[in-house]
Amino acid sequence: MNYTEQVMDHFMNPRNVGEIENASGVGTVGNAKCGDIMKIYIKVKDNIIEDVKFKTFGCGAAIATSSKATEMVKGMTIDEALTVTNKMVAEALGGLPPVKIHCSVLAEEALRAAIQDYKDKLARGENPDEVPSVEPEEIQYV
Amino acid sequence: MERIYMDNAATTRVTEPVMAAMQPYFCEVFGNPMSIHGFGREARKAVENARRQVADALKADPSEIYFTGCGTESDNWAVRGTAYAQIRKGKHLITSAIEHHAIIHTCAQLEKEGFEVTYLPVDEFGVVDLVALEKAIRPDTTLISIMSANNEVGTIQPIEEIGRIAKAHNVLFHTDAVQAIGSVEFDVKKMNIDMLSMSGHKFHAPKGVGALYIRKGVRPQRLIHGGEQERGQRAGTENVASIIGLGKAIEIATANIPRHNAEVSAVRDRLIDRILREIPYTRLNGHRTQRLPGNCNISFEFIEGESMLLGLDLKGIAASTGSACASGSLDPSHVLLAMGLPHEIAHGSLRLSLCEENTLEQADKVVDALIEVVNRLRSLSPLYDDFIAAQKANKA
């Protein structure tokens with residue numbers, strides 16, 4: 001597998017690893033059966049993604065794309081973050097091998113799921129800044 | 001950085017004695033073995049010497065050894081050639097669910113061509129079910145093809161018993177011995193093996209040369225048509241230097257198998273024992289004792305194999321994995337799934353495969369590096385978080 005230097009850098013030194021307590025939104029995509037799970041946490045203030053963290057189970061490309069996606073959206077408004085596509089993440093990493101494009105799709109989906117979670121909370125009248133985030137569906141681990 | 005190679009099941013290096021044996025057959029002894037003149041005759045003599053070396057290693061007759069381009073070609077020839085040669089007897093073949101793709105994909109293609117194939121199940125250790133084998137044999141069964149040892153998990157199959165069953169039912173028996181040469185003692189007559197495939201680069205010969213043993217009287221249809229090389233059964237000018245290399249390499253590899261196995265398995269056991277003891281949530285894949293001396297295959301829970309490979313590679317260590325992410329397909333290794341491993345455990349498998357050049361010191365370095373890699377990846381894994389949280393909840 002030939003990864004670019006940027007991919008290897010984000011694999012070895014991933015940015016924004018971790019969790020956010022009382023996150024404004026949490027998105028989890030993928031499943032253990034397929035070999036990758038991404039979980040992205042966002043902290044939103046005044047419509048701006050103030051902080052973002054991730055945890056990823058997966059291959060080198062999955063870890064690198066999670067890291068890169070979080071790096072890209074940090075400081076963006078919600079609307080700006082929604083314009084970030086998997087293609088942009090892959091390009092920012094100098095490209096991905098064709099079989100690994102799937103990983104960048106997951107990164108985009110995890111981010112969108114986290115934003116959706118945030119929006120759902122707003123719609124329910126919850127103030128995500130104060131209410132602890134509801135954990136998404138439990139991942140079944142066998 | 002010292003690099004450590006523990007991917008000998010993928011390929012091995014050509015050793016110096018093998019290289020030295022091959023050296024004259026590029027620039028000096030370059031004749032075509034099919035030529036009648038002196039240049040040809042000296043090449044022919046060398047090829048026939050290599051044939052004898054291969055025959056000796058299997059306790060076969062040199063006239064029963066055919067050189068091929070690789071192990072895959074040998075497998076294709078044995079399976080496809082036998083299926084078509086015996087088409088009047090029937091169109092049913094038996095193999096196992098854990099064969100190399102050289103067999104599995106050949107069988108799948110034969111199914112498309114109207115043949116019927118039974119894929120025998122294996123137990124949790126990767127051993128082929130012999131009861132299922134006996135049950136699967138039908139009057140129209142023409143071939144049983146079971147590997148001698150598995151390339152991923154190293155499980156050694158009960159070849160002698162399979163040979164006995166095949167003979168009792170008058171069905172031909174082929175074995176893919178690509179991983180087993182040098183680790184398993186072969187006596188093709190005693191073991192009732194009708195055909196046996198091997199690949200040079202798995203035992204320190206170069207890539208691009210293999211051999212197929214075909215017992216006298218067995219006649220699979222030829223795969224490659226052309227000249228009269230290999231007694232008219234495999235056309236194409238002999239890859240002389242590589243054939244010489246294969247002959248020398250198999251002579252060395254089979255000179256003292258018990259000693260080789262004792263030395264290599266000592267390093268393997270150091271790997272297995274330390275990993276299982278020092279890294280929690282790990283499990284050995286394959287059979288604990290009925291196992292190739294050089295195979296260590298372990299699953300690490302909560303993490304994925306390709307990321308482990310990358311982490312080890314950055315530390316100069318070469319390994320392999322059964323994860324989908326490393327293969328380019330969506331499913332993890334068919335071998336691990338056939339053994340009943342859940343997908344997520346198969347994704348987290350790591351294979352370290354040894355040769356006699358790997359040392360105990362290297363094993364220790366690899367385990368030390370692995371501990372760091374596994375800890376780091378687990379710290380990134382949401383599965384590990386969930387598991388630890390669930391454990392805490394259970395205690396509370």
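The values are calculated or read from the model by the stated rules, or taken from the named source; none is laboratory data. Model, not experiment: these values are computed from the prediction. For neighbour counting, all protein chains shown are included, and Cβ atoms are generated from backbone atoms with ideal geometry for every residue, glycine included. All accessible areas refer to the heavy atoms of the entire protein, side chains included, with ligands and DNA or RNA removed. Shrake-Rupley method; radii C 1.70, N 1.55, O 1.52, S 1.80 Å.
Table for the structure above
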{"item": "Positions within region A:76-129 being of a type in the set (S, T, N, Q), assigned to a loop (DSSP other than H, G, I, E, B) and open to solvent by less than 80 Å² (accessible area, probe 1.4 Å), in sequence order", "result": "A:THR85, A:ASN127"}
{"item": "Scan of region B:169-179 for residues that are within 15 Å of the chain's Cα centre (by Cα), of a type in the set (A, V, I, L, M) and open to solvent by 10 Å² or more (accessible area, probe 1.4 Å), ordered by number", "result": "B:VAL178"}
{"item": "Residues that are closer than 18 Å to A:VAL7 by Cα and either without any contact (Cβ under 8 Å) to a residue 12 or more places away in the chain or within 14 Å of chain B (Cβ to nearest Cβ) (or both), drawn from region A:69-92", "result": "A:THR70, A:GLU91"}
{"item": "Flag for B:GLU28 being crowded, with 22+ Cβ neighbours inside 10 Å, at pLDDT 95 or above and not assigned by TED's automatic domain parsing to the domain that holds B:GLN362", "result": "no"}
{"item": "Selection count, region A:1-59, where residues are touching a Leu at 6+ places or on another chain (Cβ under 7 Å), part of a strand (DSSP E or B) and of a type in the set (A, V, I, L, M, F, W, C)", "result": "6"}
{"item": "Checking B:ALA43 against (1) open to solvent by less than 50 Å² (accessible area, probe 1.4 Å); (2) not in a helix (DSSP H, G or I), the condition it does not meet", "result": "(2)"}
{"item": "Leading residue by the ranking (most open to solvent (accessible area, probe 1.4 Å)) among those in region B:180-209 that are in a helix (DSSP H, G or I) and in contact with a Lys or Arg (Cβ under 8 Å, 6 or more places away or on another chain)", "result": "B:HIS201"}
{"item": "Total residues in region B:113-141, condition of a type in the set (D, E, K, R) and assigned to a loop (DSSP other than H, G, I, E, B)", "result": "6"}
{"item": "Residue match in region B:356-364 (condition: at the interface with another protein chain (Cβ under 9 Å from one of its Cβ atoms) and not aliphatic (A, V, I, L, M))", "result": "no"}
{"item": "Criterion (surrounded by fewer than 21 Cβ atoms within 10 Å (Cβ to Cβ), out of contact with any Phe, Trp or Tyr (no Cβ under 7 Å at 6 or more places or on another chain), on the phi < 0 side of the Ramachandran plot and within 13 Å of chain B (Cβ to nearest Cβ)) met by exactly one of A:VAL7, A:VAL17, A:VAL29", "result": "A:VAL29"}
{"item": "Verdict on B:SER307 being within 8 Å of another protein chain (Cβ to nearest Cβ) and surrounded by 21 or more Cβ atoms within 10 Å (Cβ to Cβ)", "result": "yes"}
{"item": "Considering residues of region B:266-295 that are hydroxyl-bearing (Ser, Thr, Tyr) and touching a strand residue (DSSP E or B) at 6+ places or on another chain (Cβ under 8 Å) only, the residue surrounded by the fewest Cβ atoms within 10 Å (Cβ to Cβ)", "result": "B:TYR281"}
{"item": "Given (1) away from chain A (no Cβ under 11 Å); (2) open to solvent by 10 Å² or more (accessible area, probe 1.4 Å); (3) of a type outside the set (D, E, K, R), number of the condition B:VAL374 does not satisfy", "result": "(2)"}
{"item": "Residues that are within 21 Å of A:GLY58 (Cβ to Cβ) and more than 37 Å from the chain's Cα centre (by Cα), drawn from region B:363-396", "result": "B:ASP385, B:ASP386, B:ILE388, B:ALA389, B:ALA390"}
{"item": "Selection within region B:344-396 - within 28 Å of A:ASN13 (Cα to Cα) and not in a helix (DSSP H, G or I)", "result": "B:GLY348, B:SER349, B:LEU350, B:ARG351, B:LEU352, B:SER381"}
{"item": "Selection within region A:36-68 - more than 14 Å from chain B (Cβ to nearest Cβ) and open to solvent by less than 10 Å² (accessible area, probe 1.4 Å)", "result": "A:ILE42, A:VAL44, A:ILE49, A:VAL52"}
{"item": "So B:SER353, is it over 29 Å from A:ASN16 (Cα atoms), modelled with pLDDT under 95 and open to solvent by less than 20 Å² (accessible area, probe 1.4 Å)", "result": "no"}
{"item": "Pairs, first facing chain A (nearest Cβ under 7 Å) and closer than 20 Å to A:SER67 by Cβ in region B:377-394, second among the polar types (S, T, N, Q) and part of a helix (DSSP H, G or I), C-beta under 9 Å, six or more apart", "result": "B:LEU380/A:SER66; B:LEU380/B:SER307"}
{"item": "Scope region B:60-101; condition of a type in the set (A, V, I, L, M), closer than 29 Å to B:ARG44 by Cβ and open to solvent by 10 Å² or more (accessible area, probe 1.4 Å); matching residues", "result": "B:ALA60, B:ALA85"}
{"item": "Unique match (being within 23 Å of the chain's Cα centre (by Cα), within 27 Å of B:VAL171 (Cα to Cα), open to solvent by 10 Å² or more (accessible area, probe 1.4 Å) and not small (Gly, Ala, Ser)) among B:LEU212, B:LEU223", "result": "B:LEU223"}
